[in-house]
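Nothing in this text is a laboratory measurement; each read-out follows from the coordinates by a stated rule. This structure is a prediction, so every number in the text was calculated from the model and none was measured. Glycine gets a Cβ as well: all are built from the backbone with ideal geometry, and neighbour counts include every protein chain shown.
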Amino acid sequence: MSDQNMYGGAGIPDEWDRLWTPHRMQYLTGENRPLPGNEVQCPFCRIQPMNDEEGLIVARGREAFVVMNLYPYNAGHLLVCTNRHIADLTDLSESERNEIFELTAHAMKTLREVSRAAGFNLGMNQGALSGAGVAEHIHQHVVPRWAGDANFMPIIGKTKTMPQLLQETRNLLAAAW
């Protein structure tokens with residue numbers, strides 16, 4: 001067998017199925033994300049003056065707010081963002097840090113009620129090198145998890161399924177908040 005046939009050269013079928021997601025290229029190249037060299041406004045600052053439905057904001061606190069993630073890892077993936085445009089956890093005020101964690105805890109309770117989430121991944125990526133997509137505006141991820149949510153689709157098919165549109169999820173969570 002030639003190397004070309006063994007590795008599936010250009011135009012030659014191989015063993016991989018592909019799910020084409022060209023819309024992701026917009027995110028990867030910086031659309032909706034402030035990156036060095038582009039003039040994109042911070043998405044978390046941009047949505048704050050919008051009404052909650054338009055901005056996909058689930059709830060607002062005094063110093064932080066909860067919003068649907070436009071690029072979710074799982075259905076119901078939320079972000080808890082400070083109102084203030086600031087990048088680093090160590091630069092937050094004590095009241096901002098407390099509110100982020102109060103909103104995170106409330107988000108977990110709400111996701112359990114609305115979608116029966118059985119577990120959560122929580123986290124902040126501090127800085128672009130750590131994987132933060134919007135590194136200049138601190139935000140905490142709240143990713144709901146269920147038994148079996150890592151089924152064959154992401155493991156074998158390398159595909160995530162989203163059973164509900166973001167606006168529908170936002171409306172259910174906002175109503176239950």
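Odds and ends about this structure:
- In region 111-137, residue farthest from GLY148 (Cα to Cα) [restricted to those that are touching a strand residue (DSSP E or B) at 6+ places or on another chain (Cβ under 8 Å) and in contact (Cβ under 8 Å) with a residue 40 or more places away in the chain]: HIS137
- Cross-chain or 6+ apart pairs with Cβ under 6 Å, region 70-89 first and on the phi > 0 side of the Ramachandran plot, then among the hydroxyl-bearing types (Ser, Thr, Tyr) and buried (at least 20 other Cβ atoms within 10 Å of the Cβ): GLY76/THR169
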